[in-house]
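Working notes for the structure below.
The values are calculated or read from the model by the stated rules, or taken from the named source; none is laboratory data. Here the structure is a predicted model, which means the values were calculated and not measured. Because the Cβ atoms are built from the backbone with ideal geometry, glycine has one as well, and the counts that use them run over all protein chains shown.
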Amino acid sequence: MRSGKVKKHQRLKVYLGNLSKIDAIRFKPTQRWEGVVCSVGMTLEEFAADAPFEAVTAERIFRGYVEPLIRIHDAAGLKNDFLVVAGDNAKSLYFPAFCKSGPIYDPGLPVLMRLNAHRHFGPVRDIPENDIPFREKDRRLLWRGTTTGRFHRTNPHHWEDRGSRYFIMRFNAQNENPNIDIGFTDILDNIRQRLADESDVNLDAHVRPKVSLAEHLQSKYLLSLEGNDVATGLKWMLASNSVVIMPPPLIQTWACEGLLKPFVHYVPVRQDLADLEDVYQWCVAHDDECEAIAEHGKAFIASFMRPKLEEELMVHLAEAYAKRVMIERPAKGQVGGHQLESQSDAA
């Protein structure tokens, strides 16, 4: 994939994942679980009545996650029920649901679909009118974002339980390079509460002014850090003439982040950002290589911006799901776990 482009067969393999190895699967949500059972023709009112969300949240989820799937099933002439897990998913799910995102290395059974697309792919279309050539950009390494992701340790003895955004504080505490400009635009209340007992953590010291898309594009080097799942801005960063610096991705979406190759589509940095200064110096010393990497990133993300093909792929996935998955609808008012029966494909 030295050209940066992604082939159709590569994408389908990522999207369908482990479900491609199963001939048939029967799923009965007998209690409350992470997703919602949906059907073609379902209205917002019907969805809101069944879904365990407040009205505003139910409408947002319906418009961004359920409605696109209803449209695709309708376009394919499918009448089957299907499962949806909405929002930022970073967990392995062992039931067959349509998701926006999931782990690269242990996905479980979800099928990735192009969901909440406006938020993730919309800014890509704004790049051409705001971008400038790579050689005209300044040498600043830039990152802005909120405190999403893993800011507390599930295991107190393992720092790797933290997400990369946590380590911004440690990096900034020792950073002496004025060209590396990274910081938070907002501190979320839940993170402030979780870190309240860590006396050496001062989140507010790492708050920086917000930076517009056009201002980001003045910089040659853009840092991308995963939050609750993928980094939302990664897609427009790859579409730009800037080079992306990031830890190897752990989560992927419709953009197949797991197919991104270090030193082909992006420049890798450690998860804890301990080598960020060294990575920056490498980039400055390898201008030609960085410009080529930026071009490969543009070719990669362009693979996902062809409306006719995107529609074709989603229809294919909906049909593949319908052939394999049978949903037994739960009785109203049931809450708790679920039952799953499957028959694996011997091949």
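Data for the structure
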quantity	calculated
Lone qualifier among Leu250, Leu223, Leu260, Leu213 - being among the aliphatic types (A, V, I, L, M) and in contact with a helix residue (DSSP H, G or I) (Cβ under 6 Å, 6 or more places away or on another chain)	Leu213
Enumeration of residues in the stretch 73-92 that are outside any loop (DSSP other than H, G, I, E, B) and buried (at least 21 other Cβ atoms within 10 Å of the Cβ)	His73, Phe82, Leu83, Val84, Val85
Number of the condition not met by Leu222 [criteria: (1) surrounded by fewer than 23 Cβ atoms within 10 Å (Cβ to Cβ); (2) outside any loop (DSSP other than H, G, I, E, B)]	(1)
Residues (farther than 21 Å from Val264 by Cβ and touching a Pro at 6+ places or on another chain (Cβ under 9 Å)) located in the stretch 274-315	Met314
Top-ranked residue of the stretch 98-113 - restricted to ones that are more than 11 Å from the chain's Cα centre (by Cα) and at pLDDT 95 or above, ranked as surrounded by the most Cβ atoms within 10 Å (Cβ to Cβ)	Phe98
Any hit, the stretch 244-253, residues being more than 25 Å from His9 (Cβ to Cβ), modelled with pLDDT of 95 or more, among the hydroxyl-bearing types (Ser, Thr, Tyr) and crowded, with 17+ Cβ neighbours inside 10 Å	no
Answer residue from the stretch 1-25, given it is of a type outside the set (Gly, Ala, Ser) and at pLDDT below 90 and is farthest from Trp254 (Cα to Cα) among those	Arg2
Which numbered condition Met42 fails, given (1) in a loop (DSSP other than H, G, I, E, B); (2) within 25 Å of the chain's Cα centre (by Cα); (3) buried (at least 18 other Cβ atoms within 10 Å of the Cβ)	(2)
Single match in Phe167, Phe184 (criterion: surrounded by 11 or more Cβ atoms within 10 Å (Cβ to Cβ), at pLDDT 90 or above and closer than 30 Å to Phe304 by Cα)	Phe184
Subset of the stretch 45-66 [farther than 23 Å from Glu328 by Cβ, out of contact with any Phe, Trp or Tyr (no Cβ under 7 Å at 6 or more places or on another chain) and crowded, with 17+ Cβ neighbours inside 10 Å]	Gly64
Single residue of Arg192, Arg139 found to be exposed (fewer than 15 other Cβ atoms within 10 Å of the Cβ), of a type in the set (Lys, Arg), part of a helix (DSSP H, G or I) and not assigned by TED's automatic domain parsing to the domain that holds Asp88	Arg192
